[in-house]
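Undergrad: Once you've had a glance at the structure underneath, I'll fire off some questions.
Read-outs throughout are calculated quantities, based only on the coordinates presented, and are distinct from any laboratory measurement. Just so you know, these numbers come straight off a predicted model, no measurement behind them. We place every Cβ from the backbone using ideal geometry, glycine too, and count neighbours over all the protein chains shown.
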């Protein structure tokens, strides 16, 4: 007949180091997994960013995102932000501002890559039992060439 003492001893021999490792941060049981997501509700492809503060789109024509002309540095930054998100935007509500050429200024949303710090998963020993699902994209506001929080 098998006694419970060896089973209990084996369980403790595994549990004590695992718990000690978790408490000290040397052992982790989670691993990050990137999940593809689409934060934009109705993505529209952008064909050009004009210096007059408008975006040329494939589906909706010209959309004003700034109250007036923008400089080359801002234009390059806007192009880079839109390109980093796959070249698509989402057009939001009007901001209440109308430009001199009659176009209403609209809020424009872009996809931006999710930044994450790797410190929560920086253990020496990782036993991947649990997965941390991390979104790949965030939705950010493009306001006159500056990225803002949504």
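Undergrad: What nm value, rounded to one decimal, do you get for the distance between residue 51 and residue 134 when each label is placed 7 Å out toward the C-beta?
TA: Label-label distance for residue 51 and residue 134, simple model: 4.0 nm.
Undergrad: So what does the Cα-only Debye profile of region 61-120 read at q = 0.14, 0.23, 0.27 Å⁻¹, as log10 I(q)/I(0), no solvent term?
TA: After summing over all Cα pairs, the log10 values are -0.49, -1.03, -1.20.
Undergrad: To continue, here is another question. Strictly greater than 24 Å: what percent of every Cα pair in region 28-148 meets that?
TA: Everything past 24 Å amounts to 37 percent.
Undergrad: Suppose R0 equals 41 Å; then what is the FRET efficiency for residue 30 and residue 58 from their Cβ-Cβ distance, rounded to the nearest 0.05?
TA: In this case the efficiency is close to 0.50.
Undergrad: Could you grab the relative contact order for the chain? Cα pairs under 8 Å, six or more apart, rounded to a whole percent.
TA: 30 percent.
Undergrad: Sticking with this structure for a sec: Can you give me the three principal axis dimensions of region 11-77 from its C-alpha atoms, in Å, biggest first?
TA: Ordered largest first, region 11-77 gives principal extents of 69, 26, 16 Å.
Undergrad: Expressed as a rounded percentage, what relative contact order does region 64-150 have, with Cα pairs under 8 Å and six or more residues apart?
TA: Relative contact order, region 64-150: 33 percent.
Undergrad: Gaussian network model of the chain, Cα springs within a sub-10 Å range: biggest mean-square fluctuation belongs to which of 56, 100, 132?
TA: Among 56, 100, 132, the largest GNM mean-square fluctuation belongs to 100.
Undergrad: Ok, one more. Tell me what the chain gives for mean residue ellipticity at 222 nm when only DSSP H runs of n ≥ 4 count, each as -39,500 (n - 2.57), the sum divided by the residue total, rounded to 500 deg cm²/dmol.
TA: So the calculated ellipticity at 222 nm is -7500 deg cm²/dmol.
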